[in-house]
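Asker: Input: one structure, supplied below.
The values are calculated or read from the model by the stated rules, or taken from the named source; none is laboratory data. Computed from a predicted model, the values in this text were never measured in an experiment. Cβ atoms come from the backbone with ideal geometry, glycine included; neighbour counts cover every protein chain shown. Side chains included, ligands, DNA and RNA excluded: accessible areas come from the protein's heavy atoms. Shrake-Rupley method; radii C 1.70, N 1.55, O 1.52, S 1.80 Å.
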Amino acid sequence: MNPAPLSIAEQIHLRLAEKLQTTQLEVIDESHLHAGHVGASPTGSGSHLRVKIASPLFTTASRVQRHRLVYDSVQDFIDQGLHALAIEVI
């Protein structure tokens, strides 16, 4: 029996943990809150995510640099339809 495929949120969690060596990370799928909005997923998931993240790579980085690190890490997800990504550096 094959395990269920990982959700977009789970895939992004794995990616960010690996690329940014996170010390704290939470990826929250808020897609259901955007039903009917532009960019909303027809499945109700995977289009609008919130990331709460801490990484030692952020120590000397500006806010813009921190966000760029996150966006660069998940660019392929954005290219495939991730519509919105809220980033909270903790």
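Asker: Rounded to the nearest 0.05, what FRET efficiency do Ala54 and Asp76 give with R0 = 22 Å and r taken as the Cβ-Cβ distance? Could you check?
Answerer: Numbers: r = 23 Å, r/R0 = 1.05.
With R0 = 22 Å, the Cβ-Cβ based efficiency is 0.45.
Asker: Calculate the spin-label point distance for Leu14 paired with Ile28, positioning each point 7 Å from the Cα along the beta-carbon direction, and give it in nanometres.
Answerer: Simple spin-label model gives 2.4 nm for this pair.
Asker: On a 0 to 90° scale, report how tilted helix 8-20 is relative to the longest principal axis of the chain, with both axes built from alpha carbons and the result rounded to the nearest 10.
Answerer: Approximately 10 degrees, to the nearest ten.
Asker: Which three extents, in angstrom, do the Cα atoms of the chain have along their principal axes, listed largest first?
Answerer: Here the spans come out as 39, 37, 21 Å, largest first.
Asker: Something else now. Which angle from 0 to 90°, rounded to the nearest 10, does the C-alpha axis of helix 63-73 make with the longest principal axis of the chain?
Answerer: Taking Cα atoms only, the helix is inclined about 50 degrees.
Asker: Carbon-plus-sulfur fraction of the accessible area of the chain, 1.4 Å probe, in percent?
Answerer: Exposed carbon and sulfur together represent 53 percent of the surface.
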